[in-house]
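The values are calculated or read from the model by the stated rules, or taken from the named source; none is laboratory data. Given the structure is predicted, the values throughout are model-derived calculations rather than measurements. Every residue, glycine among them, receives a Cβ derived from its backbone with ideal geometry; neighbour counts consider all protein chains shown.
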Amino acid sequence: MTTIRIDRIDDALAALREPNLAQSLYDEGKVIMDKVLLTLHGDEHRVRRMLEFRVFRRSFFRYYETEVFPRALDDVLTPLVARGGCDLVEFGHRITVNLTADFAGVDRPLRSVDETETLLRFVKTFGDGATLVHSTRDKDVVRAEVRAALADFETRFLNPSIARRMALLTQCSQGTIDDAALPRDVLTVLLQNEDKVELPPDVLCREIAFYLQAGSHSTATATVHAFHEIHAWMQSNPEDRSRIMDDPLFMQRCVHESLRLHPASPVSWRKPLCPVTLRGGIEAVPSDRVEIDLYTANRQVDVYGEDAARFNPHRSIPAGHEPFGLTFGTGVHTCLGRDLDGGVVPRGVVDPSAHQYGIIALLIKALLAANARPTSADPASAATHTARPMWGRYPVVFG
Ligand code: HEM
């Protein structure tokens, strides 16, 4: 197999939009990723994406960001601030598991610490399965852990969540409640399945498990990176401190800058379904792997400037490019959680009181408001269980 590497942003955009290149980064992680939205192709992908897209509307994101999420954030952050410190990596996972459970449609009826911890353990194991290709552990051991976690998750969380939604759907079809009383989540639209998408129980289970980990893991990781970059910037550029705290559009700009530098996965992989001529004229055939290097493309100096590899929220972004680069992908697999996490990219004049800033900006603002800061007594360290560049521990103190 020949690997064709693409690391220029325009070539990467073209490859990600090429219909004859199919997803292949998750072939090793089939134990959790087989037949989930991200690994489907062609019509099968289009139909399922259209069905699930109903949950991911901008109007709902703004409501979620202003009404639902601040309460969940408060519940998690207040006790940690009272305790005087926490590990941001753990905080990130604990808070984002609520976020993705809400969107996936996983009920947490007890709302207890134990229940959240159990769900968190499942999500971490699912995440290890999805990113198996980058794992530094014995892959068969990871696969066995994922299989066991899926079975347990199905019994403890998924089946009760399905039963509650089926009862509501029956009431809805009998006219005793109306559509507005139904939960707004992926599981509900899949059970409603107005588009008659074929979805056997094992696929449904993996799909919901995939959502839980896809959103939670990447949001948690991106939040820690953003905190690190923004805190360091405030230290070296004290004149920007009050702007970061008081101007939410500038805070969002800072988050986008961090997302550009730290894509959740440094690469996307695609396999040609037939001979394909890539932008630039290279021929790719089905036995090749096309590796799209998002990390390098996002740091291209003739697009983002001479200092492209550094965090600088004042850089200007050329027309036709996103401030977060390729971090949320592009084309048919563009991240469904992009606007939820990153907010809407401000274009021209925007009304700050009506703008949607994204969950990550909200998280960083809350952390900085609590005066969260790294501590030299317990320095942060990189993760060792994966080759992906991310923080393993990031202790902070508050107050
Ligand atoms: C900073 C946070 C996030 C990052 C960096 C991120 C990144 C990505 C990327 C790069 C892709 C496309 C992969 C490819 O083309 O190979 C993707 C797809 C996806 N993401 Fe995200 N994501 C984030 C958060 C979320 C959240 C919060 C959710 C859900 C609540 C979510 C749901 C999805 C789904 C469902 C897909 C598959 C879309 C499809 O295949 O049609 N993501 N994400």
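Okay, here's what the table says:
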| read-out | value |
| --- | --- |
| Scan of segment 270-295 for residues that are charged (D, E, K, R), farther than 20 Å from residue 28 by Cβ and touching a strand residue (DSSP E or B) at 6+ places or on another chain (Cβ under 8 Å), ordered by number | 283 |
| Residue check, residue 265 surrounded by 15 or more Cβ atoms within 10 Å (Cβ to Cβ), within 16 Å of the ligand (Cβ to nearest atom), in a helix (DSSP H, G or I) and not basic (Lys, Arg) | no |
| Test: residue in segment 354-361 that is surrounded by 12 or more Cβ atoms within 10 Å (Cβ to Cβ), in a strand (DSSP E or B), more than 16 Å from the ligand (Cβ to nearest atom) and touching a residue at least 12 places away in the same chain (Cβ under 8 Å) | no |
| Residue check, residue 264 of a type in the set (A, V, I, L, M) and closer than 17 Å to residue 326 by Cα | yes |
| Some residue of segment 291-298 being within 16 Å of the ligand (Cβ to nearest atom), surrounded by fewer than 21 Cβ atoms within 10 Å (Cβ to Cβ), modelled with pLDDT of 95 or more and under 21 Å from residue 248 (Cα atoms) | no |
| Segment 14-45, residues that are surrounded by fewer than 19 Cβ atoms within 10 Å (Cβ to Cβ), under 20 Å from the mean Cα position of the chain (by Cα) and in a helix (DSSP H, G or I) | 30, 45 |
| Inter-residue pairs, beta-carbon under 7 Å, first closer than 12 Å to residue 130 by Cα and in segment 33-44, second not in a helix (DSSP H, G or I), 6+ apart | 33/26; 38/23; 38/26; 39/23; 39/26 |
| Set 348, 329: member being in a loop (DSSP other than H, G, I, E, B) and within 14 Å of the ligand (Cβ to nearest atom) | 329 |
| Some residue of segment 268-276 being part of a helix (DSSP H, G or I) and of a type outside the set (Val, Ile, Thr) | no |
| Residue list for segment 362-399, filter: under 21 Å from residue 265 (Cα atoms) and assigned to a strand (DSSP E or B) | 381, 382, 386, 391, 392, 393 |
| Enumerated helices (runs of 4 or more DSSP H) restricted to segment 156-254, each holding at least 2 residues that are within 16 Å of the ligand (Cβ to nearest atom) | 186-192, 201-236 |
| Lone qualifier among 291, 322, 306 - being more than 25 Å from residue 52 (Cβ to Cβ), of a type in the set (Asp, Glu), out of contact with any Cys (no Cβ under 7 Å at 6 or more places or on another chain) and part of a loop (DSSP other than H, G, I, E, B) | 306 |
| Residues of segment 289-311 satisfying the condition of being within 10 Å of residue 7 (Cα to Cα) and over 20 Å from the mean Cα position of the chain (by Cα) | 291, 299, 300 |
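A quick yes/no check of all residues on (1) without any contact (Cβ under 8 Å) to a residue 24 or more places away in the chain; (2) in contact with a Gly (Cβ under 6 Å, 6 or more places away or on another chain); (3) surrounded by 14 or more Cβ atoms within 10 Å (Cβ to Cβ):
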site: 54; (1), (2), (3): no, no, yes
site: 66; (1), (2), (3): yes, no, no
site: 84; (1), (2), (3): no, no, no
site: 87; (1), (2), (3): no, no, yes
site: 96; (1), (2), (3): no, no, yes
